[in-house]
Amino acid sequence: MQRTRITLHTDFRIGRVDPRVFGGFLEHMGRAVYEGVYDPNSAHADADGCRTDVLDALSRLRMTAMRYPGGNFASGYHWQDGVGPPERRPRVRELAWQSIETNRFGTEEFIRLCRKMDWTPMMTVNLGTGSPEEARDWVEYCNCPAGTRYADLRAASGATEPHGVALWCLGNEMDGKWQLGHVPADQYAIRAQQAAKMMKDADSSIELVACGTCAVQLPTYMEWDRTVLEHVGDLADYISLHRYVGNPGGDTPDYLAVTAAIDRQIEEMDAVCRYVQARKRSKKRAYLCFDEWNVWYKNRDMDGEGKVAPHLIEEVYNLEDALVVAGFLHSFVRHADVLKIANLAQIVNVIAPLITRGDELLVQSIFYPLAMFAQRRDGEALRLAVDGPRYEGSGNGEVDYVDASAILDGDRLHLFLTNRSLTESAPVALGIADRAVAACEAAEILTGPEPKAANSFAEPELIRARAFSAVATEDGAVRCELPPLSFAALTIRLAPADALSGARS
C-alpha cells in the first residue's frame, strides 16, 4: 500500500479532550448489575457485594461519567423503590426488559460503587412513567443537605452528607415508540422543561442532558432535537446522541468505514445546537453527550421472561468490532470542541467489554482499544492532515485506509492509528511541523488472525494488545508499518519547543 503521510502542528488544536468522553453505562438490564458488577454470592465479592475481578478490569479503562439506571429501564423506574433498607425494598416486574427487579442494588449502592471506582455518577430520571416532581425529589435526595423530606431519607440510610450528583439525564429515548411514556417532541419538551426547572431549583449547580433523537434512521432526526432545544432553552446543557452499529451483511470494508457516518452524526447534531443558539440569540449553547454508543447487532435477546438477571444481548465481540470501537473513539477525539460526554453501553455482560461466567471473567476484544485510548486520554486534540490511499465504503462513503487522531499532553504526543485494509500493511509517516521528536516512549498494537476472530473462555487472549516495536524515529519523523486490520496507539516524547529552531539555525 502507498504510504500515508500525517502532518500536524502543535498549535492547531481542536480543544481539550473532556475526560467524561471516556464514560460508561450501567443499566438494570440482563446481567449488567446482578451477576455483573454486583454479586454478593461470588467468590470475588467485596464487603459491598461488588465483584472485585470485574472492578479491577474496569479500573484499567479509567472510566469517568457512569450513566445509571438506564436506558429503557429508567422510563419505568421509580427511584424510591431502590432506597432504604435493602430487605424492605419491593420486588417489581419491570416492563422494559420483562424482568424481575429485586431493587437490592439502588441509589446508595450505585453511589458507593462510583466512589470506589472514582466514577462521576450520571443519573437518568424517569420522564416516561414518572413526573417532573419525582425527578426533582431525586435531586433533593442526592444533593441537598439534611433537614427536608427526601434529604432526610438519604440521611436515614447513613449518608448524612449530600452525594453531589452533578450530571442528570432528562429521560431516555423519549422519541422511540418502544419507550414507556413515549410522546411527540413538543410534549416531551414541555415535560423536560418542567423537570429541568424544578431540578435546577433544587440544585442550581447540576448539568442536564436533554433527550435527543436516539437513531439517525428515525423521521424525527434533528427536527426532534431542534424542538426540544428551543423549548428547554438554556436549562439544557447537553443534547444526547445514541448510535449502535454492526455488520449484519458481512461487508467488513464498509463496516470499518462507519466512522464517516459517526463524524456526520456529530457534525449534524452540532449544527442543530448552533442553529438554536443563533435563532434564540443566546449566549449559551448546548454541547453534545453521546450517552449510548457501541457495536450491537448479533444478539437481540431482549425478553427477560419474568426472570431475575436473565441473559440479554450478551454480544460476542471480534477483531473488526474492536476496530470499529476504536473508530468511535477517533471520532470523539476529532470532535473534542463539541463532544463533552460519551458513555459506552454497557460495561459488563450486556453488550460489554467484559463477560462473567460464574466466578470466571472474560475480557473481550473491544476492551483493548478502550484501554489504549484511556491510558492516553489527557490533553488537547490536534488537527491532522492525512494524505494517503482511500477507498469507498458501499454505504458509509469514502474514507482513508488509515484512520487517525492525536492528543497533545505537554511534551507528549499520543497518536492513534487504524489500518482498515483487510489484506495490505499500511506504512505511515508522521511529520510534526513545529517540534522535533525525541523518542517513542511506548507503543501498543491490536491485531488478530482474521476479522471474525474473537476471545472465548477457551482462548481468552486471542485478541489483545501487545507491544508494538516496529516504530522508528529518525530525521524528525515517526515511521511505522501497520499490519492489516490493526489498531495502534503510540506515545511520542517531543523535544523542547526551541530544539527544532535551534537545529535549523
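The values are calculated or read from the model by the stated rules, or taken from the named source; none is laboratory data. Predicted model, so just to flag it, every value in this text is computed and none were measured. Positions of Cβ are backbone-derived with ideal geometry, glycine not excepted, and every protein chain shown enters the neighbour counts. We work out accessible area using only protein heavy atoms, side chains counted, and drop any ligands, DNA or RNA first. Shrake-Rupley method; radii C 1.70, N 1.55, O 1.52, S 1.80 Å.
Residues checked against (1) surrounded by fewer than 23 Cβ atoms within 10 Å (Cβ to Cβ); (2) under 27 Å from residue 300 (Cα atoms); (3) polar (S, T, N, Q):
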{"position": "209", "(1), (2), (3)": "no, no, no"}
{"position": "213", "(1), (2), (3)": "no, yes, yes"}
{"position": "227", "(1), (2), (3)": "yes, no, yes"}
{"position": "230", "(1), (2), (3)": "yes, no, no"}
{"position": "238", "(1), (2), (3)": "no, no, no"}
{"position": "246", "(1), (2), (3)": "yes, yes, no"}
{"position": "264", "(1), (2), (3)": "yes, yes, no"}
Is there any pair with a first residue in region 37-55 that is within 15 Å of residue 362 (Cβ to Cβ) and open to solvent by 30 Å² or more (accessible area, probe 1.4 Å) and a second that is modelled with pLDDT of 95 or more and among the β-branched types (Val, Ile, Thr) whose Cβ atoms are under 6 Å apart and which are 6 or more apart or on different chains, and what are they? 44/52
Please work out if residue 411 is open to solvent by 40 Å² or more (accessible area, probe 1.4 Å), touching a residue at least 24 places away in the same chain (Cβ under 8 Å) and charged (D, E, K, R). yes
Scan region 336-357 residue by residue and report those that are β-branched (Val, Ile, Thr) and either open to solvent by less than 10 Å² (accessible area, probe 1.4 Å) or modelled with pLDDT under 95 (or both). 338, 341, 347, 348, 350, 351, 356
Before we move on, is residue 60 surrounded by fewer than 21 Cβ atoms within 10 Å (Cβ to Cβ), under 19 Å from the mean Cα position of the chain (by Cα) and of a type in the set (Lys, Arg)? yes
Being in contact with a Phe, Trp or Tyr (Cβ under 6 Å, 6 or more places away or on another chain) and touching a residue at least 40 places away in the same chain (Cβ under 8 Å) narrows 418, 491 down to just 418
Of all residues in region 215-224, which are on the phi < 0 side of the Ramachandran plot and open to solvent by 30 Å² or more (accessible area, probe 1.4 Å)? 216, 217, 218, 219, 220, 221, 223
Can you list the strands (runs of 3 or more DSSP E) found entirely within region 387-505 that contain at least 1 residues being farther than 30 Å from residue 360 by Cα? 390-393, 397-400, 402-409, 412-419, 426-432, 437-446, 471-474, 477-482, 486-494
Regarding residue 371, is this residue outside any helix (DSSP H, G or I) and under 29 Å from residue 166 (Cβ atoms)? no
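This table checks each residue for (1) open to solvent by 10 Å² or more (accessible area, probe 1.4 Å); (2) touching a Cys at 6+ places or on another chain (Cβ under 8 Å); (3) aliphatic (A, V, I, L, M).
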{"residue": "249", "(1), (2), (3)": "yes, no, no"}
{"residue": "270", "(1), (2), (3)": "yes, no, no"}
{"residue": "275", "(1), (2), (3)": "yes, no, no"}
{"residue": "279", "(1), (2), (3)": "yes, no, no"}
{"residue": "288", "(1), (2), (3)": "no, yes, yes"}
{"residue": "293", "(1), (2), (3)": "no, no, no"}
{"residue": "300", "(1), (2), (3)": "yes, no, no"}
Residues (more than 16 Å from residue 478 (Cα to Cα) and crowded, with 18+ Cβ neighbours inside 10 Å) located in region 430-452: 446, 447, 448, 451
Of the conditions (1) open to solvent by less than 40 Å² (accessible area, probe 1.4 Å); (2) among the acidic types (Asp, Glu); (3) within 19 Å of residue 111 (Cα to Cα), residue 173 satisfies every one except a single condition; which number is it? (3)
Listed residues 187, 193; which is within 28 Å of residue 151 (Cα to Cα), polar (S, T, N, Q), open to solvent by 10 Å² or more (accessible area, probe 1.4 Å) and part of a helix (DSSP H, G or I)? 193
Residues of region 309-324 classified as of a type in the set (Asp, Glu) and open to solvent by 10 Å² or more (accessible area, probe 1.4 Å), total: 1
Does residue 421 count as open to solvent by 20 Å² or more (accessible area, probe 1.4 Å) and not β-branched (Val, Ile, Thr)? no
In region 220-251, the residues that are farther than 15 Å from residue 174 by Cβ and out of contact with any Phe, Trp or Tyr (no Cβ under 9 Å at 6 or more places or on another chain): 222, 230, 233, 234, 235, 250, 251
